[in-house]
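Comments concern the structure below.
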Ligand SMILES: Nc1ncnc2c1ncn2[C@@H]1O[C@H](COP(=O)(O)OP(=O)(O)OP(=O)(O)O)[C@@H](O)[C@H]1O
Ligand SMILES: Nc1ncnc2c1ncn2[C@@H]1O[C@H](COP(=O)(O)OP(=O)(O)OP(=O)(O)O)[C@@H](O)[C@H]1O
Ligand SMILES: [Mg+2]
Ligand SMILES: [Mg+2]
């Protein structure tokens, strides 16, 4: 029933860029293995080879001792190997059930058996805890819901080896717990699991063993019990890691707010939310999936229909009809949906980086050399790791795409910046850099708003945290009140 | 759908109770979404109903059964082609050649039947062979398109723009610039296929209905139809889901070719001839029917019902214009233009 | 310049990993990437060169300077429109109305000039006013398209299919079904704009060149051009990236309208009249020039150079067909079709 | 005969029956004349629109180096200037059918008679209806020739106040469009006495629509141009609705090429204007207008 896997000297090159330099290790059947490594270490690539989405350039993969060479994902699935992709692979126009069964439709004679598929989809949706009906078009789902659909899709395949590539990057603790329960269930059923995550607490909790990769090479493996989180981080980055969070610089008490929002209502998502943020302050937004944080800020920018009593920037009332207006006045927003809203994946890195600040380079003609210099700087500042500066953004690893997206919204040099899940899919080392960067932005007198599903991140970073529940602003906690328990209590309404 | 409770947020990380995850507290959001998408798909129907009211007001003959049958019958050609076109557009492709293809199929079909006529004896056999030939040729042309697009990797627009010229040129060549006309005894034997009725409804309308029904069934109830939608929605996702993308593309263009063949089979008995003017601008009409029917040109989703309504709507506009003289003939095309834009406005997509 | 190694996250005491630089300046990847994209963009040029060789082989006069100038001059209309169309297609839109729009602009421009003729005295003033009027009208029509598409939320295909009919209908109406002809003294004064040369190169070629250069510059070297590409690549992402999507759309259709206006300004002195058949199928030619030039119909990216080459290539094909009589006149369109598909095959995208 | 003559022939492409006939007759002339005269070369070009035809004139001049041009202009006004340019380079120009707006741009004019094309059917139908009845009209494509014919038709009917033209819509010289327009006329008008289809192609669609509706009120369908199918019907008397037609044979392109080529070979000239008259075709004279080999 269980599947044992062995990689032997697996090599992968995209054109002449080598990303895997001969990876060898074995996975015993029936246990949960964590796969660790920095952004761009080659984790996703190796998993795509294992599950048939990419072909290795050299070396071999053994399944239960037999060398295999999958020409497509279907062949891998025949062996019971299923991958949950890091990036969503859903057809937006189709319904949830249609996506779950795409390529594996149930039929009765010639015709599709939609009733059976919807029923079964409802069942797996229930398992992952998604309450949307199976006939909901995927287009209508929010990011976290899409992630759950991806998980449901893999479950419906009845995998014997299930690979999860950062399944919780967009999930809040609630769904994460549910997922862990599922993982435990699967493990008990004898399924082999491979778990990739940059959230080391999760890795510590659910894996039996960790494998560490660095720069396209296998580095080491260890029983999870035998290493601490700190040691895991060190193994990943290959050096001693320092404190994750910067010290908090206190905000001068008397400063007037930089941004003040009063009575913002996004019909169906958020009701009468008011908040303010001062220069130099980092304001967090906490809440469960469905709390309406993302939509609140999309509404603020005019990306959704909304009503608002008053928005003030530096005491002056402003009216934003679209993100352009907001950007012109010094507010930018990083979306949580990297692929769908955050990056032009077909564009080059340079074009992506400068898009929001083009006026700086157009005098009146764009200066590609200046843009190129800016890219080189950003690559250095944000630690974007890439084979070449001359590739489309789609060739970056997930975490590096996130860094690029972050670089992009900071490029216009905004006075207020709203970061929705800024460290989604980013490795510990880079996370630390991003935290320090956010702190530095605040110290320069900017206002930073961080929406995050990682409570620790909010606690470690923010001066104050606003908690939302069911579209309402529940409470705003000051630094001294910030504890995990307190946040959860407000977010879930059990306070 | 019963309103969903808002209680789901009550669970902390420690207690993953049922419904612990993504919940939609606002049922009204979804309901309004429904309403909007209903309006979206009812846009063309609404437009059609409005037009019919105007038509009847302008000329009471408009609603007469004879006129209705005339309109439906003449819609049949474009409608049948539009059903095939709907698949192609949903799959993310386009076919500009359908008018020329219809003309060439009609022409060669006539040539073949005239040639066989004396030999085969019974006109019915000849006609049966001719029909088979037309359907086969349509499927073959579609196959050629599909292969050039899927295997050759050429843009559908280019491939079919090319064959648009090629098909019409060969028809002109075969017809020596004139018309190809079906021998009169064959023509007499064949004409019931267009002119006869069954239960008071003309044959072409029956065929149109059948094609639309089968089309709807294939699109919504078969794996192939599902793949067509997946392909148009996101080709990469379809590829990842192990859908044989190339095969689906080829099949889709063949399906359209077949539809063109069927339309031609109905067309030939009408006038018994094919000439270089046959089928001119049908591609635009067929594509317009699909798009007016609510399918996005980018592909991904669309409905056969919408397409059928779109095709009928376009015929009704020109029918109404023919039934009245209130507007200068010079401006007929302008009226059509305004109506098309107006109907599209009724079902515009929100941003 | 060679990218510098980025070591911020890397250089720890633990592991000065081999090749630890995050950026590996694999020049060879770049080279092969370049090579491929070169082939891609050289596809049309290659096709053009091949065609020119064939042309010269068939008739040595083909390469004569007179013929070359003739071909370039006549490419100017479509070429100028195609430059504007290139923007629209890259932005993810389409415009089917350009032929009708050109016809209506030409017609009303002639009407205006004839009306002004006696009053204003100097023909030069009249012509200047006419030219200004044409450009303004083009921009206004583009504005109307842009608003209906961006603010009205209607598919570009539908909007411009509608105006295709509307523009032509109004021309027919103004012309009373016949032709509108420029008064002969005005016509004489205006004709140098088409027929005169500067440094041995005809004026329309200069204008074409200027439009293409400005177009290329705007597309690649201005913020607006970048936004157009961003919009076509992914509208949603562009919106989130603070691109004023509606404004860019409106501007893009206005730009195309302006290009149509410029083309018309060159067209009128050539034939001195406009009729309901003026500009028929220009939209197809302009779109074909853009697509043959390597731009994808789905938008996102494309080049002005490719578009120019595409437009010239299409003219050269018919020029060569005019130079020889080896093929039945009926089959001209077929030859064009085969060549278009062939050229597209040369630059097909790998999967 | 040593004299070398290169005749360029510029005509519209074969997009409907009549132009199909033009192309066929032009090629017929080329075949016969080149065989008969070794020094003669004829180059035929067909164009789909006015600008393309203007392009072809340039190409004929600069590349094919013609010295004589026979042109059936796509449109009179639009081609006046391009033809004038060719003439300016010393080429002998014969214009066929559609006169240029500036007659100094042509050496000779061989004309069809568009006025008669509209006048004859009007006179014939007036007589046939005894000066009283309802007529529906199908027009071609909006063009100047279509206007000329329609105006001539209306001018005659002015003298017959009891004949009513119920409506005149465009059928685009196309069988299918004519079929639809006629169907709707039949729905709309309960009493129609005659149809002027204004083109034999359109008459085909009109006849089918009438026979489908099984209407008996219509006494006559009058086409136009003398297509072989129609002429044959008149000869055979096979359709009571078709009794007459007006000649407007595409053969005049053949005549024009032949006259021009022969005159040029002899170094002569054509008369400034030659009108090929349009005549009424009835059962009596139909045989003279029947060319079974032509596609039209
Ligand atoms: N299609 C591609 N073309 C070129 N290079 C690629 C491509 N896909 C991935 N790479 C490169 O391969 C390397 C490994 O990428 P991979 O996605 O496997 O990293 P990862 O370990 O999953 O990182 P992350 O934690 O950020 O997801 C990266 O340097 C990336 O730029
Ligand atoms: N398309 C939709 N149709 C109906 N309800 C929706 C839709 N999208 C989101 N919702 C609901 O709107 C509410 C708020 O959305 P959302 O989950 O994005 O908030 P959030 O706090 O930003 O969550 P996240 O942690 O994912 O950022 C939720 O109840 C969600 O279920
Ligand atoms: Mg990854
Ligand atoms: Mg969110």
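Read-outs throughout are calculated quantities, based only on the coordinates presented, and are distinct from any laboratory measurement. Quick caveat: nothing in here was measured; it's all calculated off a predicted structure. Here the Cβ positions follow ideal geometry from the backbone for every residue, glycine too, while neighbour counts run over all protein chains shown.
By the compact-protein rule of thumb, 2.2 N^0.38 Å, the alpha-carbon radius of gyration of chain B corresponds to a ratio of 1.14.
Most tightly packed first, judged by the mean number of other beta-carbon atoms within 10 Å of their residues, the peptides C:62-70, A:10-18, C:75-83 read C:75-83, A:10-18, C:62-70. For chain B, set up a GNM with springs between Cα atoms under 10 Å and report which of B:274, B:230, B:57 has the largest fluctuation. Checking each option, the largest mean-square fluctuation is seen for B:57.
In nanometres and ascending order, the distances from the residue C:46 label point to those of the other copies are 5.2 (point 7 Å from Cα along Cα→Cβ). Here the mean projected area of the convex hull built on the C-alpha positions of chain A is 24.4 nm². Inter-copy label distances at residue C:122, shortest first and taken from points set 7 Å along Cα to Cβ: 8.5 nm.
Overall form of the stretch C:275-351: oblate. Here a/c, set by the Cα gyration tensor axes a ≥ b ≥ c, is 1.5 or more, and a/b is not larger than b/c. FRET efficiency for the pair residue D:235 and residue D:162, taken as 1/(1 + (r/R0)^6) with r the Cβ-Cβ distance and R0 = 22 Å, rounds to 0.10. Gyration tensor analysis over the Cα atoms of the protein assembly as shown returns equivalent ellipsoid semi-axes of 66, 35, 31 Å (largest first, whole Å). As a length-normalised measure over Cα pairs under 8 Å and 6 or more apart, the relative contact order of the stretch B:75-346 settles at 38 percent. Which of the three applies to the stretch D:227-296, rounded, prolate or oblate, going by the alpha-carbon gyration tensor with a ≥ b ≥ c and a/c under 1.5 meaning rounded? Prolate.
Give the calculated FRET efficiency between residue C:140 and residue B:57 to the nearest 0.05, with a Förster radius of 45 Å applied to their Cβ-Cβ distance. The value I calculate is 0.85. Of all the options B:289, B:334, B:189, the one that moves most in a Gaussian network model of chain B with Cα springs shorter than 10 angstrom is B:334. Taken residue by residue and averaged, Cβ atoms of other chains lying within 10 Å of the Cβ of A:174-181 number 5. Ranked by how many other Cβ atoms sit within 10 Å of their own Cβ, fewest first, the residues C:184, C:91 fall in the order C:184, C:91. Our summary of shape: the Cα atoms of the stretch A:259-492 have principal axis extents of 48, 37, 32 Å, ordered from largest down, in whole angstrom. Starting from the label point of residue C:57 at 7 Å along Cα→Cβ, the same points in the other copies fall at 6.7 nm, in ascending order. Each peptide in D:128-134, C:221-227 was scored by the mean count of other Cβ atoms within 10 Å over its residues; highest first, the order is C:221-227, D:128-134. For a test of the definition: using alpha carbon positions, the gyration tensor, and the 1.5 limit on a/c, classify the stretch B:132-260 as rounded, prolate or oblate. Oblate.
Highest mobility in the GNM of chain D, judged by mean-square fluctuation with C-alpha springs under 10 Å and restricted to D:95, D:156, D:136, is found for D:156.
The calculated FRET efficiency for residue A:126 paired with residue D:190, based on their beta-carbon distance and R0 = 56 Å, is about 0.25. According to the Kirkwood relation over distinct C-alpha pairs, the hydrodynamic radius of chain D is 19.9 Å.
Taking a virtual spin label 7 Å from the Cα of residue A:55 along the C-beta vector, which residues in the stretch B:234-255 bring their backbone nitrogen under 20 Å of it? It comes to B:236-247, nothing else. For the stretch B:154-209, the Kirkwood estimate of hydrodynamic radius, built from reciprocal distances between every pair of different alpha carbons, is 14.4 Å. A simple spin-label model places pseudo-atoms 7 Å from Cα toward Cβ; at residue D:217 and residue A:201 they are separated by 8.8 nm. Using just its DSSP H runs of length 4 or more, each adding -39500 (n - 2.57), the protein assembly as shown gives a mean residue ellipticity at 222 nm of -17000 deg cm²/dmol after division by all residues.
Using Cα centres only, tell me the gap between the stretch B:150-212 and the stretch C:138-213 in whole Å. After rounding, the separation between the Cα centres reads 35 Å. Relative to its Kirkwood radius, the Cα radius of gyration of the stretch B:52-115 gives an Rg/Rh of 1.17. Scoring A:341-352, C:158-169, D:157-168, A:70-81 by mean Cβ neighbours within 10 Å over their residues and listing the highest first yields C:158-169, A:341-352, A:70-81, D:157-168. Extending 7 Å from the Cα toward the beta-carbon at both residue A:225 and residue B:115 defines two label points whose distance is 8.4 nm. Dividing the Cα radius of gyration of the stretch C:195-351 by its Kirkwood radius returns 1.01 for Rg/Rh. Each principal axis of the Cα cloud of the stretch A:197-304 was taken in turn, and the coordinate range along them, longest first, works out to 53, 36, 25 Å. The mean number of partner chain beta-carbon atoms within 10 angstrom of a residue's beta-carbon across peptide A:137-150 is 2. Inter-chain neighbour count for D:56-66: the average number of beta-carbon atoms from partner chains within 10 Å of each residue's beta-carbon is 6. Its Cα gyration tensor gives the stretch A:385-474 an equivalent ellipsoid, and the semi-axes of that ellipsoid, as √(5λ) in whole Å with the largest first, are 25, 15, 13. So what is the relative contact order of the stretch C:179-307, in percent, for Cα pairs below 8 Å that sit 6 or more residues apart? Worked out over the stretch C:179-307, it gives 33 percent.
Look at the alpha carbon pairs under 8 Å that are at least 6 residues apart: their mean separation over the length of chain D gives a relative contact order of 20 percent.
Diffusion coefficient (Stokes-Einstein, Kirkwood radius over C-alpha pairs, 37 °C, 0.692 mPa s) for the stretch A:143-269: 182 µm²/s, rounded to a whole number. Please work out the Cα center distance from the stretch B:312-347 to the stretch B:219-251, rounded to the nearest Å. Result: 36 Å between the Cα centres. Of all beta bridges that DSSP places with both ends in the protein assembly as shown, some 45 percent have antiparallel geometry.
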